[in-house]
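Note sheet for the following structure.
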Amino acid sequence: MRLLKIVPQNTNIPFLAARRIALIFSLLLVLGSLASWAFIGLNTGIDFRGGFLVEVRSKNGPADIQALRQQLGQLDLGDVSLQEFGLDTDVLIRVQSQNLEDSESLSDVDKAAVALVQTTLGEEYTIRRTEYVGAVVGGELRQKALMAIIAAIGAIMIYIWFRFEWPFAVSAIIALSHDVITTVGVFSITGFEFNLATVAALLTIAGYSINDTVVVFDRVRDNLKRYKSRPIPEILTISLNETLNRTVMTSLTTLLALVSISVFGGAVLADFALAMIWGIVIGTYSSIFVAVGTLVWFNIIPDDDEDVPTPEYER
């Protein structure tokens, strides 16, 4: 059966000709993300800040978000956010913790705030659930999320180091860090909520990005044996073009699924889908221009083994 190819087999796009421009663009993107993170910060969710969440359902048709926001805003409870959730009758109400001291359980002042919200909603809404996250728990979650990301990147670096050589590991980690930092920067700039689902998305992006990079690196390693007499930039360009069809097909099919989740998944999955969509786009870009682009800086040399013949499926 003939395989579907979006990219023609003999494509020869000079990706590395634009590597300096791409690397400057990536550097500005990373610095901008770090600056935004430092000066603007993240709109962290209740998972990290502590607070309570109330899920309600309107008894009389679609929920009036604007009226609810106005009513709850007059309660002077601090940060109150509302999101449509699933059906147009359902609303998620998030309220920051009213207790300034670290606590692991619902304090009296928070209980009073929950009761005040429920009273304000009146008989027009049914309370479906109320959840609380203490400030101490939020701090622990924040610390564990950071440790999970660092551990994932460290484990990936060790894996790449053993599978290839140290220049490949360094290039892969530069690309991976680029993807994670810019994704956090997008959340900082846009103000979208950064919660545990977003952390899960960051770890997923790290896995997707390194998988894409490993595929290209595998082809680079094969071509280092196959084309010993050619310059390294030319071998890297050949490798990128030979894996381009696979890269484009994987990215497009993944994006189709994520756009569907973003449109039909509701508010709960919206932040996760946004992070993943950005991560797929930036991960594809970084695999080409950052991971392979930085390999040019290292003194990688063709393998001393004998030439490897071109596989039959590539002829």
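The values are calculated or read from the model by the stated rules, or taken from the named source; none is laboratory data. Since the model is a prediction, treat every value here as computed from it, not as a measurement. Don't worry about glycine lacking a Cβ; one is built from the backbone with ideal geometry, like all the others, and counts go over all protein chains shown. What goes into the accessible areas is simple: the full protein's heavy atoms, side chains included, and nothing from ligands, DNA or RNA. Shrake-Rupley method; radii C 1.70, N 1.55, O 1.52, S 1.80 Å.
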Name the residues whose placed amide hydrogens come within less than 5 Å of the amide hydrogen of Thr89, ignoring near sequence neighbours (fewer than 5 apart) on the same chain.
Ala63
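Using the eigenvalues of the Cα gyration tensor, what equivalent ellipsoid semi-axes result for the stretch 1-68 when each is taken as the square root of five times the eigenvalue, whole Å, largest first?
After scaling each eigenvalue by five and taking roots: 46, 28, 11 Å.
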Per residue solvent-accessible surface (Å²) - the stretch 1-66, probe of 1.4 Å
67
Rg to Rh, two decimals, where the stretch 216-285 supplies the alpha carbon set and Rh follows Kirkwood
1.21
Taking 0.36 nm per residue of sequence separation and subtracting the Cα-Cα distance, how much length would be gained by fully extending the chain between Arg128 and Asn12, in nm to one decimal?
36.0 nm
Inverse mean reciprocal Cα-Cα distance (Kirkwood Rh) of the chain, Å:
22.4
I'd like the carbon and sulfur percentage of the solvent accessible area for the chain, probe radius 1.4 Å, heavy atoms only, ligands and nucleic acids excluded.
61
In whole percent, what relative contact order does the stretch 5-92 give with Cα contacts below 8 Å and a gap of six or more residues?
25
If you place +1 on the Cβ of every Lys and Arg, -1 on the Cβ of every Asp and Glu, and leave all else neutral, what size is the dipole of the stretch 14-76 about its Cα centre, to the nearest 20 Debye?
280
In a GNM of the chain with a 10 Å cut-off on Cα contacts, which of Thr182, Thr213, Thr89 has the highest mean-square fluctuation?
Thr89
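Calculate for the chain the 222 nm mean residue ellipticity that helices alone would give, adding -39,500 (n - 2.57) per DSSP H run of length 4 or more and normalising by residue count, nearest 500 deg cm²/dmol.
On the way: 10 runs with 190 residues, N = 315.
Calculated at 222 nm, the ellipticity per residue is -20500 deg cm²/dmol.
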How many times 2.2 N^0.38 Å is the alpha carbon radius of gyration of the stretch 158-231?
1.40
Name the most mobile residue of Gly265, Gly51, Gly185, meaning the one with the largest mean-square fluctuation, in a Gaussian network model of the chain with Cα contacts below 10 Å.
Gly265
Want the number for Ile261 to Trp161: 0.36 nm per residue separation, take away the alpha-carbon distance, what's left?
32.5 nm
Across Phe39, Phe289, Phe192, the residue with the highest GNM fluctuation in the chain (Cα network, 10 Å cutoff) is Phe39
